[in-house]
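Encoded as C-alpha cells, the structure appears first; notes follow it.
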C-alpha cells in the first residue's frame, strides 16, 4: 500500500471512530493534534472524562493491535501532556488513553484505558 493510500485509510478510520464516539455522547475536542512531543488522533470528552484516542487501521484487528508500539505510546503520552497544558479545565472526572482498532472490513474494537502513564 502506498503512503497516500495508508494516510487516506487512516483518516477514514478516524472519521468513523469520531462519528461513533459522538453517537455515544462524546464531544470531539481535537483531531490529529500534533506538537513537538507527540501526536493524538482524537481527543474526546464525556461528562468530564477526557479520553485521548489512538486509532489504528490495518487489514486485521490483531495487526492493528501490534502496531501500537512503545515509541508510539510515549508520543501519545507526550502529546496528551501538551494538549492538557494548552487546554486546562478538561478531564475533571479523569483522563484515560483508549485505542480503537479498525480492520479491513471496517470492524472496530475499542480498548478502553489501554495505555497507562508510568
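What follows draws every value from the coordinates through simple rules; no lab data is involved. These numbers were taken from a predicted model, which means no experiment stands behind them.
What to note about this one:
- For the range 1-97, average projected area of the Cα convex hull in nm²: 6.5
- Summed over qualifying helices (DSSP H, 4 residues or more, each -39500 (n - 2.57)) and divided by its residue number, the chain shows a 222 nm mean residue ellipticity of -12000 deg cm²/dmol.
- For the range 3-115, the relative contact order is 26 percent, taking Cα pairs closer than 8 Å that sit 6 or more residues apart in sequence and dividing their mean separation by the residue count.
- Nearest-ten-degree value, helix 70-86 long axis tilted from longest Cα axis of the chain: 40
- C-alpha long axis of helix 3-23 to longest principal axis of the chain, angle in °: 50
- Fraction of antiparallel bridges per DSSP, the range 3-115 only, in percent to nearest 5: 65
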